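Heads up, the thing below is written out as structure tokens.
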Amino acid sequence: MKGKLQELRNRALEIINNAVDLSALEQARVDLLGKKSELSGVMKQMGKLTADERRELGQMANELRSELEQQLESKKAAVAAAALELKLKSERIDVTAPGKKLPMGNQHPLHLVLDEIKEIFVGMGYEIVDGPEVEYDLYNFEMLNIPRDHPARDTQDTFYVTDNILLRTQTSPMQVRTMLKGKLPIRVIVPGRVYRSDEVDATHSPVFHQIEGLVVDKGVTLGDLKATLEVFAKRLYGDDAVVRFHPSHFPFTEPSAEMDIMCFHCHGEGCPLCKGEGWIEILGCGMVHPKVLENCGIDPEVYSGWALGMGLERVVMRKYQIDDLRLFYENDLRFLTQFN
């Protein structure tokens, strides 16, 4: 039986040494030390031996079990260390290798031009203010001298949330909000999103951007408005920009005008983009209506003012010679990356 234990030891050590991974070691532990192992079978046969033989062989069997357990733990630690080393080598990162060049982002053309417009007006002494996109009917229409039966207040043109709350159709409500603060003189511009129930085409969208301008002070004239807008157009488009003014009508200004700029596509000859006119409307403007001043607690006999509202998309289309408004919102990188 001593020879059998020695033979078992030699075989067990060979099995442990040949194990290459943790699963093989676990199987070796079960085969060598489990209840059905050969070692357990040898120990069960000791009942047939004399007391002295049982004592001697029992000690040998216990020593063998202890040795095999130590060998298994030692081999387990070595296999785990080797696996970790292999993993670290396979996942190693060479920090000296050149990295992948990531594409640089850039501003949207609408934001590029908006920043330029802000800089132009701030340079002329204007403040930039912001207002809510969900607006009260009172500010969007009522106090701007737009009567109840005006077509602009129809549900076919305006997105209503409730009977007296809507998505603002213009940035003009900030005229009222600014004047109601009572701090004079006023010289502000108000950029922001506006909403109208329009079909999407090359020149229209249900969501677009406007920039409102408002000046209120003593002695403000229509000449001041015209001169300001001519300076604005030449700073934005260049000294060769050609603009024209013609009479128009807005409920909150009197007199009212529209400013057009010569079509960049046909240079005044007439084309589908400018609807054959040779000119593109850029903004509406006029002197603030005396009733609007009164609604805001400002004496029209003492103060006067002018207001303007321009569509940012139209301004950008003219500046970059873009003939389809939908390009701004389609997220086509071939279009957007041209404005780096």
Query - Descending semi-axes in whole angstrom, ellipsoid equivalent of the stretch 105-191, from the Cα gyration tensor - result: 27, 19, 10
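Just to be sure I understand: if I project the alpha-carbon convex hull of the stretch 268-317 onto a plane and average over all orientations, what area do I get in nm²?
Numbers: hull surface 19.7 nm².
So the mean shadow area of the Cα hull is 4.9 nm².
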Requested in this report: At 7 Å along the Cα-to-beta-carbon direction for both GLN338 and HIS246, put a label point, then send me their distance in nm to one decimal.
Outcome: 2.9 nm
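Relative contact order, percent, of the chain when contacts are C-alpha pairs under 8 Å separated by at least 6 residues?
Details: 478 pairs, mean separation 49.7, N = 340.
Relative contact order for the chain comes out at 15 percent.
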Query - Residues with amide H under 5 Å from that of ILE165, placed H, sequence gap 5 or more - result: ASP137
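In µm²/s, what is D for the chain at 20 °C and 1.002 mPa s, where D = kT/(6 pi eta Rh) by Stokes-Einstein and Rh is the Kirkwood radius from Cα pairs?
On the way: Rh = 26.9 Å.
Rounded to a whole number, D works out at 80 µm²/s.
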Requested in this report: Using the Kyte-Doolittle scale, find the helices of the chain whose mean hydropathy is at least 0.5 and whose Cα atoms extend 15 Å or more along the helix's long axis, counting only whole DSSP H runs.
Outcome: 22-33, 109-123
Query raised in the report: Can you pull the Kirkwood radius for the stretch 177-260, inverse mean 1/r over Cα pairs, to one decimal in Å?
Result: 15.4 Å
Report summary line: Convex hull around the C-alpha positions of the stretch 38-197: the volume in Å³ per residue is 392 Å³
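We did not get these values from a lab; they are worked out from the coordinates using the rules stated. What you are looking at is a predicted structure, and each value in this text was computed from that prediction instead of being measured. Here Cβ is always computed from backbone atoms with ideal geometry, including for glycine, and neighbour counts include all displayed protein chains.
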